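Input: a single structure, listed below in structure tokens.
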Amino acid sequence: MLKTLVLRSSSLSFSHFNNFSTLPRKFPFTFTHFPCPFSTVFPRPVNSCRCKVLAMAERTSTSSSHSLKYTNRLATEHSPYLLQHAHNPVDWYPWGEEAFAEARKRDVPIFLSIGYSTCHWCHVMEVESFENEEVAKLLNDWFVSIKVDREERPDVDKVYMTYVQALYGGGGWPLSVFLSPDLKPLMGGTYFPPEDKYGRPGFKTILRKVKDAWDNKRDMLVKSGAFAIEQLSEALSASAGSNQLPDGLAQNALRLCAEQLSNSYDSRFGGFGSAPKFPRPVEIQLMLYQSKKLEESGKPGEAKESLKMVFFSLQCMARGGMHDHVGGGFHRYSVDECWHVPHFEKMLYDQGQLASVYLDAFFISRDILYSFISRDILDYLRRDMIGSEGGIFSAEDADSAEFEGATRKKEGAFYIWTSKEVDDILGEHASLFKEHYYVKPSGNCDLSSMSDPHKEFKGKNVLIERNDSSALASKLGMSIQEYLDILGECKKKLFDVRAKRPRPHLDDKVIVSWNGLAISSFAKASKILKGEPQGTNFNFPVVGCDPKEYMEVAEKAANFIRRHLYNEQTRRLQHSFRNGPSNAPGFLDDYAFLISGLLDLYEFGGSTDWLVWATELQDMQDELFLDREDGAYFNTPGEDPSVLLRVKEDHDGAEPSGNSVSAINLVRLASMVSGSKSDHYRQNGEHLLAVFESRLKEMAMAVPLMCCAADMLSIPSRKQVVLVGHKPSEEFENMLAAAHASYDPNKTVIHIDPTNTAEMEFWETNNDKVALMARNNFAADKVVALVCQNFSCRPPVSSPKSLQHMLSNKSASSSVV
């Protein structure tokens with residue numbers, strides 16, 4: 001029975017087709033007394049979805065001839081996903097009381113369909129079932145049908161995804177769940193084909209079975225649904241046995257997670273785990289963090305091994321087809337082990353996190369390959385994914401029409417090439433380009449049996465770099481720079497041709513949490529990239545802009561959120577924006593990820609106003625989400641009665657968990673302020689981590705970022721770098737870049753201009769030690785830097801080189817005056 005199971009939300013957390021096979025464990029709930037009449041109904045395994053039915057790789061364009069024959073209630077919604085279904089013959093309702101009341105009035109079950117606008121298999125099910133008039137009639141006659149955008153309402157999605165995963169051990173989108181009129185789940189799955197096949201019932205069969213069960217076995221269904229929610233609520237109610245983690249647990253969890261990841265490392269193709277391969281940046285973050293710790297503890301050999309795994313993985317990802325070599329940015333994941341053939345959708349949360357880890361790799365290695373890729377991602381976002389007011393859009397679809405007017409859309413159509421197309425476009429340089437990117441007349445999706453098992457891409461090429469550029473340049477008698485310049489020119493030509501193709505659908509929704517991730521990367525890039533060697537050459541699709549432009553992008557995005565998604569009176573966030581704010585409130589991830597972005601905005605040179613806003617948001621996050629008695633943060637405010645579960649997330653998956661990010665935010669805030677406020681932040685962080693003690697002990701690989709947070713919090717005092725001088729000035733910018741010139745996740749950078757009244761007032765209120773440093777060390781003609789631990793500082797320095805030397809000196813933090 002469910003009562004006997006101990007469950008954590010980490011094992012039930014999925015972000016846009018996470019790789020379930022790599023989760024540390026599954027929870028195939030055994031409903032011993034669950035009176036479910038659907039013993040033959042199973043959810044479709046997500047990881048095999050691309051391979052099952054070749055015909056499903058295509059879908060009808062939304063401009064098909066019959067698509068405007070019907071109009072339902074979704075036509076007045078703002079969500080791109082809901083609008084995609086506004087002209088289905090299904091009488092869709094949005095999530096809300098109108099739909100619930102209709103189900104109660106008609107005394108019928110609810111069919112809940114959850115997806116997102118760039119979800120390939122959501123499109124497939126729409127074409128096969130929701131545009132089918134026969135299926136629509138069954139739904140309209142027997143059910144009240146509700147459509148939910150999981151990006152707009154992650155709280156609703158979480159409830160029913162948790163139920164499906166708990167019941168069947170798998171999940172994904174589209175999520176298909178049947179509910180009672182009081183919203184208790186009765187039965188669920190993911191994608192269902194319209195007809196019976198593969199030994200599984202089709203969607204029409206399922207509708208008939210649910211209708212029959214509702215008419216004849218209703219009491220059992222309703223009781224089982226209520227029981228399931230009751231047991232899930234009990235299982236997910238995590239609490240701490242104490243107010244902090246036991247001594248040594250943080251270090252053990254960090255070591256255990258690094259060991260587990262190392263054991264799953266693919267030494268041939270890079271990455272952690274097997275195909276399909278997902279770029280889980282939190283894994284890279286942990287390995288980089290552990291490498292730094294090993295180096296500091298006098299284990300350079302082990303540190304080098306960790307870095308070797310990270311660098312090789314990042315290089316393989318950058319060379320692979322998952323990276324859009326022509327337009328920049330990364331696709332969602334690779335279906336094969338060699339990072340070649342991707343699932344072609346592009347998600348903002350991937351871009352934000354990947355840019356950040358490539359910046360960290362540049363931090364450590366000083367190899368411009370990594371700075372180039374971070375620019376490649378950020379320049380893609382600047383060009384294609386940012387609105388006129390600065391908000392950053394959420395996603396681009398995997399599917400698009402092959403040509404204007406086509407009634408079918410195909411996955412990857414926008415991104416793939418025939419050998420003849422390359423010849424026609426590139427002319428004399430076609431041979432060079434084709435050898436570099438493994439372009440062949442027969443198509444190149446042949447590197448793995450998993451790349452294209454049904455020959456969907458026969459004769460087509462997904463660009464991948466398989467050879468060393470220097471070797472190819474030497475073979476042609478060229479300098480490496482001449483060779484790279486030609487490649488850049490070729491990519492620009494292909495880009496211009498590609499721009500004339502029908503574009504994939506753009507989901508121009510602005511989501512606060514994902515913008516927070518991107519804001520962090522843009523802010524970091526503004527200073528880290530100042531470390532690139534003078535005279536570095538860049539080739540398309542990298543623009544090669546002055547790094548300070550990235551700070552402008554970050555600030556514009558933050559200002560968009562403040563203007564459109566933040567209420568200055570209530571100090572609350574809304575979750576997303578499209579043609580106006582959504583009705584959904586801000587969730588934990590929105591607050592946590594935005595606070596992290598604002599702290600980076602400040603530390604990398606932004607105004608103290610960002611720091612003020614971060615502290616205000618942290619106060620509101622505590623008010624809305626903090627479990628003051630049992631510790632940690634819930635994922636929702638708990639104010640919507642239609643959301644039946646309130647969960648404390650810990651799983652660091654495609655996106656980090658709100659609790660992991662919050663723990664790091666609390667560590668950072670505690671190192672900036674002083675007195676009781678610092679103690680309050682630190683105590684909340686300690687209590688939060690204590691809630692997840694068992695996860696850190698037993699399944700560290702599920703929570704890599706939380707492992708980092710636990711270690712950060714175990715350090716008695718972070719290193720602080722305090723800069724004092726006039727802002728803005730070239731001298732100040734150079735000193736700030738020096739403060740950020742070395743990788744150290746346990747470092748806080750504070751900068752203050754004593755002539756700025758607002759800044760001085762903030763520090764006098766929140767940390768009088770910083771205000772005192774500013775007064776005592778200010779010089780009108782220079783910028784002064786102090787390196788401190790617990791605000792006990794070494795002698796001040798006033799040149800960037802001296803500061804860099806001090807920060808790279810391992811003994812610097814222990815020698816104080």
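The values are calculated or read from the model by the stated rules, or taken from the named source; none is laboratory data. Source: prediction; values computed, not measured. Positions of Cβ are generated from backbone atoms using ideal geometry, with glycine treated the same way; all protein chains shown enter the neighbour counts. Quick note on the areas: whole protein, heavy atoms, side chains included, nothing else; ligands and nucleic acids left out. Shrake-Rupley method; radii C 1.70, N 1.55, O 1.52, S 1.80 Å.
Would you confirm whether any residue within segment 634-650 is touching a His at 6+ places or on another chain (Cβ under 6 Å), touching a residue at least 24 places away in the same chain (Cβ under 8 Å) and either crowded, with 23+ Cβ neighbours inside 10 Å or in the same structural domain as THR748 (by the TED database) (or both)? No: zero hits.
Restricting the search to segment 423-473, which residues are of a type in the set (Val, Ile, Thr) and farther than 25 Å from VAL335 by Cβ? Listed by number, the list holds a single entry, ILE425. If you go through segment 429-439 and keep only what is touching an Asp or Glu at 6+ places or on another chain (Cβ under 8 Å) and part of a loop (DSSP other than H, G, I, E, B), you end up with TYR437, TYR438. Among the residues of segment 78-126, the one identified as under 17 Å from LEU506 (Cβ atoms), open to solvent by 40 Å² or more (accessible area, probe 1.4 Å) and not in a helix (DSSP H, G or I) is HIS78.
Taken over segment 503-521, residues that are open to solvent by less than 10 Å² (accessible area, probe 1.4 Å) and touching a Lys or Arg at 6+ places or on another chain (Cβ under 9 Å) amount to 4. If the condition is being among the aromatic types (Phe, Trp, Tyr) and buried (at least 22 other Cβ atoms within 10 Å of the Cβ), then segment 284-334 contributes TYR289, PHE330, TYR333.
Given the criteria among the β-branched types (Val, Ile, Thr), within 22 Å of PHE495 (Cα to Cα) and either at pLDDT 95 or above or under 16 Å from the mean Cα position of the chain (by Cα) (or both), does ILE368 qualify? When the stated conditions are applied, ILE368 does not pass them.
One line per residue, one yes/no per condition, for (1) within 20 Å of ALA554 (Cα to Cα); (2) surrounded by fewer than 24 Cβ atoms within 10 Å (Cβ to Cβ):
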| residue | (1), (2) |
| --- | --- |
| ALA361 | no, no |
| ARG375 | yes, no |
| ARG382 | yes, yes |
| MET385 | yes, yes |
| GLU389 | yes, yes |
| GLU396 | no, no |
| ASP399 | no, no |
| ARG408 | no, yes |
| SER419 | no, yes |
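Take LEU494 and tell me if it is assigned by the TED database to the domain that holds HIS429, over 21 Å from the mean Cα position of the chain (by Cα) and touching a residue at least 24 places away in the same chain (Cβ under 8 Å). Against the criterion (assigned by the TED database to the domain that holds HIS429, over 21 Å from the mean Cα position of the chain (by Cα) and touching a residue at least 24 places away in the same chain (Cβ under 8 Å)), LEU494 qualifies.
Note on segment 571-623: residues that are among the small types (Gly, Ala, Ser) and not in a helix (DSSP H, G or I) amount to 8. Run down GLY241, GLY298, GLY270 and say which single residue is in a loop (DSSP other than H, G, I, E, B), at positive phi and in contact (Cβ under 8 Å) with a residue 12 or more places away in the chain. Checking each option against the conditions leaves just GLY270. The helices (runs of 4 or more DSSP H) located wholly in segment 450-566 that include 1 or more residues which are within 27 Å of VAL341 (Cβ to Cβ) occupy 469-475, 480-498, 512-528. If a residue must be open to solvent by 10 Å² or more (accessible area, probe 1.4 Å) and free of Cβ contacts under 8 Å to residues at least 40 places away in the same chain, how many such residues does segment 610-628 contain? So the count comes out to 2.
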